[in-house]
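For reference, the structure is listed below as structure tokens.
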Amino acid sequence: MKLPTLLAASLLLATSACGGGGGSTAATTTTTGTTTTGTTTGTTTGTGSNTGTTTGTGTGTSTGTTTGTGTTTGTGTTTGTGTTTGTTVVTLEKKAAALVAKLGKSSRFLVGLGSADLADIQKQGITPDIYDQYLVGVGAGSWPTWNSPSGAYVQIVAQNADKLGAVPMFTLYQMASNGDGNLSGLTNTTFMKGYWDNVRLMFQQIKAYGKPALVNFEPDFWGYTQRISNNADPATVPAQVNSNPDCSNQPNSVAGISLCLIQMARAIAPNAYIGFPPALFGDLHSTAMSYMLKLGADKADFIVMQTLDRDAGCFETVPQVSYCTRAGTGWYWDESNLTSPNFKEHFALAKTYYQGLQLPVLWWQTPLGVPSTQLGGSAGKWRDNKVRYFLTHTSEMVAVGGLGAVFSTGEVNQTSINTDGGQFKLYSTNYLAKPAALP
């Protein structure tokens, strides 16, 4: 389904798709989390333990604002130590801004690019917030072999992102190594050892990078596993997991895979912010949310939302071209939002995941096609209207939990920034002149 643009020239992979009272108080208070500021009259309220001795008599009145440490006026001395421990709770509507702040970006809807060469982006003076590339394969020819030493490709992508002033994003796409939708590797010892070795290497490289990075876990894979599961439960699909020393505590199932990915990210690369992509397969819609929750996708940092992995026009030719063969109609969305499919319908779907998983939404691999009233198009110039609509309606995306959108090609013959007549440059520049603030 996907096409990575690789910096290693030798490889080109195309894929399908948060005291008191009298006395003078001298106390030490350590605060972790959020301390509530209020007005205290004779009483200090907090969580913790205070031990001390009061000597003397007198009466005093404490009136003021206490933030973990208060001042009491009176006669006598209280000496003690205490600890206040709390948790900072970030409301759902604030989660997008909180994550964007961790990425070191301004509190606005972010715009990214993927699967594009550094030179092509620089040539147009485009300044993306996020720069995405694929990590593909297991075994011979997989991404760790593209550069020397093994795994150096992660550093190359990260360095290129730095040159653009962007946050690097890595789309882990290893499960499709045996073919799109082929799940035979899940119980294969050799395949799964290679899989986990690559995951470990990726996180080690991200840790070495030392700055924030984003990771998108296995597009489409979760949908394929849902199809073969019993009662939409990933625990019913066998997979080799606990042979991986990083996850010896996890079950040997697809549920174990997702939990292991989260566990490895947190343990090895705390600077990695991770997200799972719901497959959005039509036949799985009624149980997809439940499946993602059973995977533990709500324990990640964001949701990866998709629209279509090709330009709409690529599916409209009759007969269809070989790289856009798919049944169905209505590929081109109605910008007036009067007929189906349309953008408001899609944003409503995104909102269900935003509310269901309680995480902000990052759109990914959004097609770059140029709007047209004519059906279809041609290689590199297929019609689509998502760049135009998204970048002129970002407030609608923020309203359904959006933190940003990454635009890229899902296949080599799709419209790119080199063939779009400057469309992405125009709309992204106009957007950045008047960006949509995050709540």
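Every number here is computed from the coordinates shown, using simple stated rules; none is lab data. Computed from a predicted structure; not experimentally measured. No Cβ is skipped: glycine too gets one built from the backbone with ideal geometry, and neighbour counts run over all protein chains shown.
Descriptive notes on the structure:
- Phi-based couplings in Hz for region 396-405 (Karplus 6.51, -1.76, 1.60; Gly and Pro marked x): 5, 6, 4, 5, 9, x, x, 10, x, 9
- Residue-by-residue Karplus 3J(HN,Hα) for region 178-188, coefficients 6.51, -1.76, 1.60, Hz, glycine and proline x: 8, x, 4, x, 7, 9, 5, x, 4, 10, 8
- Each residue of region 208-218 is assigned a 3J(HN,Hα), and the resulting list reads 5, 4, x, 10, x, 9, 10, 10, 9, 8, 6 Hz, derived from the Karplus form 6.51 cos²θ - 1.76 cosθ + 1.60 (θ = phi - 60°), x at Gly and Pro.
- Alpha carbon centroid spacing (whole Å) that separates region 156-230 from region 365-428: 25
- Extending 7 Å from the Cα toward the beta-carbon at both THR127 and GLN355 defines two label points whose distance is 3.7 nm.
- With neighbour counts taken as other beta-carbon atoms within 10 Å, the residues LEU172, LEU368 rank, fewest first, as LEU172, LEU368.
- Long-range amide H partners of VAL370 with built H, under 5 Å: ASP384
- Stokes-Einstein translational diffusion, region 187-306 - Kirkwood Rh over all Cα pairs, 1.567 mPa s, 4 °C, in µm²/s: 89
- Cut-off under 5 Å, modelled amide H: who pairs with ILE130 long-range: VAL111, GLY112, LEU113, VAL167
- Taking 17 Å as the straight-line reach from the Cα of LYS344, the lysines in range (excluding those fewer than 8 positions away in the same chain) are LYS386.
- Each residue in THR145, THR190 was given a count of other beta-carbon atoms within 10 angstrom of its own, and listing them fewest first yields THR190, THR145.
- By the rule of a C-alpha distance below 21 Å, with chain neighbours fewer than 8 residues away ignored, the lysines paired with LYS294 are LYS351.
- For region 316-352, the residues whose amide N sits under 11 Å from a probe point set 7 Å from the Cα of LEU92 along the beta carbon direction are 351-352.
- Residue ranges 96-109, 291-304 sort as 291-304, 96-109 when ordered by packing (mean number of other C-beta atoms within 10 Å per residue, highest first).
- Here's the list of lysines a cross-link from LYS434 could span, going by alpha-carbon distance under 17 Å and ignoring same-chain residues fewer than 8 apart: LYS105, LYS425.
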